[in-house]
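**Q** Okay, here's the structure, questions in a sec.
Derivation of every value follows stated rules applied to the coordinates shown; laboratory data play no part. The model shown is predicted, which means the values in this text are computed figures rather than measured ones. A quick note on method: Cβ atoms are made from the backbone with ideal geometry, for glycine too, and the neighbour counts reach across all protein chains shown.
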Amino acid sequence: MRGWSGGPQEGGKKAPHFPDYMDDNFQQLKTSVPSLRGLKFEAHGGAEPDESAAILTRTGVAITTMLQQIPHMIAKEEMWQAMLHLPYTPLTRQDNGSMGGGGRRQQPLSSSYGSVEGTAITGDELQKTIEGLMVTKGSYVKMNYRIQADPDPELGMLLLNEYRTNLKNEPIENLGGSPGDPQSVGLGNTWLLFDTGNLKEARFRYLGQQRLGKHETFVVAFAQIPEEVLLPAQIGLSGVTCPYMRQGVLWIDQSLYQILHLETDLLAPLPGIKLTEARTEIEFGEVRIPERNLSLWLPKELEVLIETEDEATVERHRYSEYRLLTATSRIILPDEE
């Protein structure tokens, strides 16, 4: 969620700082992207070349090669979802406490006795609250997740399409149509932003190196260039769909040049649809397809936070059991009709 910075505003409060991944200093980036904590930043001087160009070139080649190899596949998808109306002011209970000078202490509400309405929560506290609701009061659904690479004759390029069906293999038509439906679709293939043909649509900033599990990674920030983006991401809220631009950070394996972790953020808020935040975190894992002797790096977990002036929604998606999608048929003999 957002960090706070900037000068004092009316009432002694500070204005919210909207992140700029290309120009923010390292402390601001660590606040905006907590995953960067522990990274040793490697700043580059004016005459020193930015290492991101060579890194992204190799990454683009790896992604382009993988895209051309992806067969029709199916996986199990689990989704947890929770939503809060904003502003959210949790109830607390006041009890006599032993806080030194006979003061009072506040603790989470466990009964309605003595409850009072607290201060509206924001930032990390709001995100932790809504993530907790996914476990206690959120919705949970299992789906089949299908992906396939299809050529687009008009664009002259491969596109990675995704589909969802219920456990009876019936298409889920109205994605995002009502609470409990997946609100975030098409995010699992965000790594296509870094396909060789798409690299020209963004600026990049090399940040340094970081260990991620067993992997040593290069860490690079990016920001899309609006006038260069051919197929911008789309977001729909309250029946209105509009394009939006992204910025973020990616963690790239130093030997495979595959993306292991990717976080994205809005390039700028969209006041026309009251959108103040749209953050995603995607973790990728290796998927082996022995029938094709393939090693692919595909989404393993995805979390998205969408926040407007009126509500905040968090979704967590988990993907497992990737396998080839195979069609079966049965011949009906005449005496069976």
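**Q** Just rank 190, 136, fewest to most, by other beta-carbon atoms within 10 angstrom. Intermediate values should be presented prior to the final figure.
**A** Working: 190 20, 136 7.
By the 10 Å Cβ count, ascending: 136, 190.
**Q** Among residues other than residue 247 whose Cβ falls under 13 Å from its Cβ, what is the net charge (Lys/Arg +1, Asp/Glu -1)?
**A** In short, -3.
**Q** Determine the sum of side-chain charges near residue 310: Lys and Arg each +1, Asp and Glu each -1, restricted to other residues whose C-beta is under 14 angstrom from that of residue 310.
**A** Working: positive: 274; negative: 277, 307, 309, 311.
Counting the neighbours of residue 310, the net charge comes to -3.
**Q** Give the cross-link partners of residue 137 among the lysines, using a straight C-alpha distance below 22 Å as the criterion and excluding same-chain residues fewer than 8 apart.
**A** Of all the lysines, those that pass the test against residue 137 - Cα under 22 Å, at least 8 places apart if same chain - are 128.
**Q** Oh, and also: Taking θ = phi - 60°, what integer Hz values does the Karplus form 6.51 cos²θ - 1.76 cosθ + 1.60 yield along the stretch 225-234, in sequence order, with x for Gly and Pro?
**A** With coefficients 6.51, -1.76 and 1.60, one gets 9, x, 6, 9, 7, 7, 10, x, 5, 10 Hz.
**Q** OK, next. Report, by chain and number, residues whose modeled amide H sits under 5 Å from the one on residue 322, excluding near sequence neighbours (fewer than 5 apart, same chain).
**A** Under 5 Å from the amide H of residue 322: 76.
**Q** Compute the Rg/Rh shape ratio of the stretch 236-331: radius of gyration over Kirkwood radius, all on alpha-carbon atoms. Don't jump to the answer; show the numbers that get you there.
**A** Working: Rg = 17.9 Å, Rh = 16.1 Å.
We get a ratio of 1.11 for the stretch 236-331.
**Q** Same structure again: Quick check on the stretch 192-284: what are the equivalent-ellipsoid semi-axes from the Cα gyration tensor, as sqrt(5λ), descending, whole Å? Let's see the in-between values first.
**A** Numbers: eigenvalues 145, 42, 24 Å².
So the equivalent ellipsoid measures 27, 15, 11 Å along its semi-axes.
**Q** A further question follows. Straight-line reach from residue 214: which lysines have Cα under 25 Å away, leaving out those fewer than 8 places along the same chain?
**A** Within the straight-line cut-off, residue 214 pairs with 30, 40, 300.
**Q** Specify which residue in the list 248, 285, 236 is farthest towards the positive end of the charge dipole of the stretch 232-289, using unit charges on the beta carbon of Lys, Arg (+1) and Asp, Glu (-1), about the Cα centre.
**A** Toward the positive end, the furthest listed residue is 236.
**Q** Around residue 88, which amide H atoms from residues at least 5 apart in sequence, or from another chain, sit under 5 Å from its own amide H, with H modelled in the peptide plane?
**A** It is 121, by chain and number.
**Q** Would you order 291, 283, 315, 277 from fewest to most other beta-carbon atoms within 10 Å of each residue's own beta-carbon? Mind dumping the intermediate values first?
**A** Values: 291 10, 283 19, 315 22, 277 16.
So the residues, fewest neighbours to most, are 291, 277, 283, 315.
**Q** Debye sum, Cα scatterers, the stretch 244-288, no solvent: what log₁₀ I/I(0) at q = 0.13, 0.25, 0.31, 0.32 1/Å?
**A** -0.39, -0.86, -1.07, -1.11
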